[in-house]
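Below: the structure, in structure tokens.
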Amino acid sequence: MGNNINNVVVGKPLVTGGVSVANIGATLPTDARTPLTTTGQYPYTACGYVADSGVVKSEKRNTGTINAWGGDTIAATRKGMDVTIKLELAEFLNAIVQGLIYGDANVTSQGPTAKVTPPVLSAGSSAATGGTLTAGSRVYQATYTNAFGESLGSNTVLIVSTGSVSVNSFTIGAAPSGATGTKIYVTLNGGTQQLLDTLGTTPTTYSDGGSKTPAAGTVPLVDSTAVGTRLKITATSSPTPKKVWVFDIFSDSAKVRVVVPNGRVMDVGDTTFKDDSLAAAVTTLQAFPDASGAFFYTYTDDGVTL
């Protein structure tokens, strides 16, 4: 058979991801094109983008020679095989990637947390007795808080008191999911808004009887209750997890799939935080032989049909 350009491969990853992993026990693919299982007990999960250095597979055969008396080589030995794969996992914020490097148990993921909607206040009222408020007009506004920050402000409620021992009250609508506290703000007689009260609860009514002394503070102009997905990565010397690794490559209509039935990240290079480079995880994967002694399986399909 002569030269055939269809046999030449220039490796590119699939749009859906070129590197996937699954826990040991997953069913291994047996061809280059069948989609990987993404459900069930042992689903395959894509590892996201890989840097443009690609995937580099290295094979080292541990060979030796035996010499005769006099120096001539009379036999060759093969003691074993070593297979490593080097790649830069580009998605630093990906929990799957960090779990491969530090172990699944050492990576916790939370969120994202949605924005907490502001409170809704109803029209208030003033009782002439029962408190210590002096006569005046007071504009009330409220916000909700959570573990991360404070919501935007509610609508305002104006209450005018006429006595010298008044109590002002208003109703707060039911708190949305995620709200853990409430802040009450007040503006007296058209002056500067101040923080009246900080509560660790989300009450449906609030009464201002004058017992609280307002402090400096205004309703925020920007919500700070919403946060993204958060990772906590604990770096220890514990062994990294063994996984099934699948590398999917295409070249025009051709497809190549490399399956590592038992591999783990053994080495991690420098991570550079710089404004003109990726904070990629430069990883070296060590392949181990499976029950049949195979370090990896390669499946190809040239895509040329009859």
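Laboratory data are not the source of any read-out in this text; all were calculated from the coordinates shown. Model, not experiment: these values are computed from the prediction. Here the Cβ positions follow ideal geometry from the backbone for every residue, glycine too, while neighbour counts run over all protein chains shown.
Here is how the numbers come out for the structure above:
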| read-out | value |
| --- | --- |
| Residue order, fewest to most beta carbons within 10 Å, for 33, 78 | 78, 33 |
| Dimensions in Å of the stretch 125-216 - Rg and Dmax from alpha carbons | 13.1, 40 |
| Highest-first arrangement of 246-259, 169-182, where packing means the average Cβ count within 10 Å | 246-259, 169-182 |
| 231, 133 arranged by Cβ crowding within 10 Å, fewest neighbours leading | 231, 133 |
| Out-of-range pairs (alpha-carbon distance over 25 Å; input 115/212; 86/274; 79/255) | 115/212; 79/255 |
| Ranked 288, 92, 296, criterion: other C-beta atoms within 10 Å, fewest first | 288, 92, 296 |
| Hits among aspartates and glutamates - C-alpha to C-alpha of residue 242 under 15 Å, sequence gap 8 or more where chains match | 104, 267, 290 |
| Spatial separation of Cα centroids for the stretch 273-306 and the stretch 118-172, in angstrom | 63 Å |
| Whole-angstrom gap from the stretch 41-114 to the stretch 202-246, using each part's C-alpha centre | 37 Å |
